[in-house]
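The values are calculated or read from the model by the stated rules, or taken from the named source; none is laboratory data. In this text, all values refer to a predicted model and were calculated from it rather than measured experimentally. Positions of Cβ are generated from backbone atoms using ideal geometry, with glycine treated the same way; all protein chains shown enter the neighbour counts. These area figures cover heavy atoms from the full protein model, side chains too; ligands, DNA and RNA do not enter into them. Shrake-Rupley method; radii C 1.70, N 1.55, O 1.52, S 1.80 Å.
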Amino acid sequence: MSARPGWRVRTGVFAATAALLSAGTLLGASPASAAPAAIKLTSSSCPNVILRGQTSGCVTELQNLLNAHGAGLAVDGNFGAKTLYAVREYQSSVAIAVDGEVGPQTKAKLYATGGWAPAPVDLRSSSCPADLVQGDKNGCVTELQRLLRHFGYSVDVDGDFGPATESAVRNFQSTHGLSVDGQVGPNTKRELYDTDESPSTALDLRSASCPANIVEGQSGGCVATLQALLNGKGQHLDVDGQFGPLTLTAVKSFQASAGLSADGEVGPNTKTALYSNISTGGGSGAPAPINLNSGSCPGNIVKGQRSGCVTELQSLLNHHGADLAVDGDFGPATDSAVRDFQAEKGLPVDGQVGPNTKAALYGAVTPPSSPPPGGGYSKILDVAAAEVGTVEGSARANSYGSAVGLSLSTSNYAWCATFVSWVAKQTGASSYRNTYVSGWVKQARAGNYHLSVTTDPQPGDIVAFDWNGGNDYTGGHEHIGVVRTVSGGSGFTTVEGNTGNPNGGSDGVYVKNRSTNSGYDVLFIRVR
């Protein structure tokens, strides 16, 4: 299956992170020959907290354990960037505060949820059989199980294709309109890898990356983290980043059990209760974020400080494209990110976060304080058109994720629907936000959030594409943008995020020529 213009195949939450970790899952196929001999993490030979930059047999053991959970790391005993990503992703998956530090609680979790599994192998590679079936035991099954978990199926990642895995496969096939035979052939493999945008769960709900109040209808990484934390409190939710009725019920149930007002809104008190008694990986976890402009933060935040002000700083830097662990510790990596940000904004590059740097940090990620209500489609086009030329991976593009609680770089996920959410947020035209095209289509068809389907497109309407037909706008075959002009016939132009640069180069926000007679489904959405 070839990718369509403006659309790229992206995998789910853990697979998206695996793509960041390595060029392919085969990296974990065999240990590096120079790796130090593995040492059990809980032995006296290993430090109490294992950190990035260390090289030892303790790190070898850590990488082996992470691979048992589907990380796909090269086992070299070196705690580098790839291992850090894997640690943070694992911590998120088991509802541990995400700090990237391997302390007593993270070690205990790794062993408690362990079970050695063959290193994952890409199902589409020649190393995997054309059809995976029950009874197979290999790295292909590890990858299968890892992918199934992306879709919310509670299967062990042990490389053993047993009855539970087969049941999950059949359920997946039924859900995605495939032949239900329990065998993982070409069509099932394709659907496993074909997903739209995927929220990261490596976000702290208390950071500036997440809304002050997380409510039903929102989606993205903050919702995914919320779901993971609720599961850590005894709930049983799919971690899909969608705040729907089941998540609402779980929130209210948790609030009632914690003696809170059961209003279903995840505000400061609910967040605090969710993080209470959650093991924090490296020990104390990140201090709660503090607004940089408050009287609680110093005039100049500098290297060496550890506080909630630094937590907030790191979260804001991540909005601008950095990839920091949000741990509240102003170390060398944070210093480097501050200097990069200052250089990009034309500020004095001194590594100190003073008034001007603070103002710039908030400037690109804070939406208008009072967006005009009911902005409608005319306002939407004005805002979208002003972004044309914004390049994927730039600080400006990365700030779009603030609309849905994402702090990922746009270089690492499909972000067309995130761009539309950002535009809607700036105009106040609709309160709906979603990283999935299917969500926008569903709400428009239901007439919710000031959205409706129209057959008379006008500039400023939203337009959804289903590249492979079927009119369902799911399965990773979809795209979304804003109508720019309408010719009166079948042709129209759009402003789209996450789309190809017509002049070559990186993807970004560009104008595209589209048609309703091009062999794919098109649905126009009116924002009233």
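Which ones in the stretch 487-528 are closer than 19 Å to Asn468 by Cα and among the aliphatic types (A, V, I, L, M)?
If the condition is that a residue be closer than 19 Å to Asn468 by Cα and among the aliphatic types (A, V, I, L, M), then Val522, Leu523 are the ones that fit.
Somewhere in the stretch 421-433, is a residue modelled with pLDDT of 85 or more and farther than 20 Å from Asn213 by Cβ?
Checked the stretch 421-433: at least one residue is modelled with pLDDT of 85 or more and farther than 20 Å from Asn213 by Cβ.
Can you report the number of residues in the stretch 433-455 which are open to solvent by 60 Å² or more (accessible area, probe 1.4 Å) and touching a residue at least 60 places away in the same chain (Cβ under 8 Å)?
Residues that pass the stated criteria total 4.
Mind checking which residues of the stretch 36-61 are of a type in the set (S, T, N, Q) and closer than 15 Å to Ala81 by Cα?
In the first step, residues of the stretch 36-61 are kept if they are of a type in the set (S, T, N, Q); the result is 42-45, 48, 54-56, 60.
Those that are of a type in the set (S, T, N, Q) and closer than 15 Å to Ala81 by Cα: Gln54, Thr55, Thr60.
Quick check on my filter: what residues within the stretch 49-79 are in a helix (DSSP H, G or I) and more than 15 Å from Ile39 (Cα to Cα)? Steps first, please.
Of all residues in the stretch 49-79, those in a helix (DSSP H, G or I) come to 57-68.
Asn67, Ala68 - these are the residues of the stretch 49-79 that are in a helix (DSSP H, G or I) and more than 15 Å from Ile39 (Cα to Cα).
What are the residue pairs meeting all of these: first residue in the stretch 154-168, first residue closer than 16 Å to Gln183 by Cβ, second residue of a type in the set (Phe, Trp, Tyr) and surrounded by fewer than 19 Cβ atoms within 10 Å (Cβ to Cβ), Cβ atoms under 6 Å, and 6 or more apart or on different chains?
Here the result reads Ala168/Tyr153, each pair linking the stretch 154-168 to a residue that is of a type in the set (Phe, Trp, Tyr) and surrounded by fewer than 19 Cβ atoms within 10 Å (Cβ to Cβ).
Quick check on this structure: which one of Ser411, Ser378 is assigned to a helix (DSSP H, G or I), surrounded by fewer than 24 Cβ atoms within 10 Å (Cβ to Cβ), modelled with pLDDT under 80 and more than 17 Å from the chain's Cα centre (by Cα)?
The unique qualifying residue is Ser378.
I'd like to check something: does the stretch 461-477 contain any residue that is under 21 Å from Pro211 (Cβ atoms) and open to solvent by 30 Å² or more (accessible area, probe 1.4 Å)?
Scanning the stretch 461-477 turns up no residue that is under 21 Å from Pro211 (Cβ atoms) and open to solvent by 30 Å² or more (accessible area, probe 1.4 Å).
Collect the residues in the stretch 80-114 that are in a helix (DSSP H, G or I), open to solvent by 10 Å² or more (accessible area, probe 1.4 Å) and at pLDDT below 75, keeping them in residue-number order.
Correct list: Glu89, Tyr90, Ser93, Tyr111, Ala112.
Check whether at least one residue in the stretch 357-372 is at pLDDT 80 or above, in a helix (DSSP H, G or I), more than 24 Å from Asn498 (Cα to Cα) and out of contact with any helix residue (DSSP H, G or I) (no Cβ under 8 Å at 6 or more places or on another chain), and report yes or no.
For the stretch 357-372, residues at pLDDT 80 or above, in a helix (DSSP H, G or I), more than 24 Å from Asn498 (Cα to Cα) and out of contact with any helix residue (DSSP H, G or I) (no Cβ under 8 Å at 6 or more places or on another chain): present.
Return a yes/no flag: does the stretch 510-518 have any residue that is buried (at least 17 other Cβ atoms within 10 Å of the Cβ) and free of Cβ contacts under 8 Å to residues at least 24 places away in the same chain.
Looking through the stretch 510-518, none of the residues is buried (at least 17 other Cβ atoms within 10 Å of the Cβ) and free of Cβ contacts under 8 Å to residues at least 24 places away in the same chain.
Only one residue in Val157, Val133, Val180, Val121 is open to solvent by 10 Å² or more (accessible area, probe 1.4 Å) and at pLDDT below 75, so which one is that?
It is Val157.
What pairs come out if I take residues in the stretch 381-393 that are among the aliphatic types (A, V, I, L, M) and pair them with residues that are open to solvent by 30 Å² or more (accessible area, probe 1.4 Å) and at pLDDT below 85 whose C-beta lies under 6 Å away, six or more apart or interchain?
These pairs meet every condition: Val383/Gln426; Val391/Ser506.
Could you tell me whether Val522 is surrounded by fewer than 22 Cβ atoms within 10 Å (Cβ to Cβ) and among the aliphatic types (A, V, I, L, M)? Walk me through it before giving the result.
On the way: surrounded by fewer than 22 Cβ atoms within 10 Å (Cβ to Cβ): yes; among the aliphatic types (A, V, I, L, M): yes.
It is true that Val522 is surrounded by fewer than 22 Cβ atoms within 10 Å (Cβ to Cβ) and among the aliphatic types (A, V, I, L, M).
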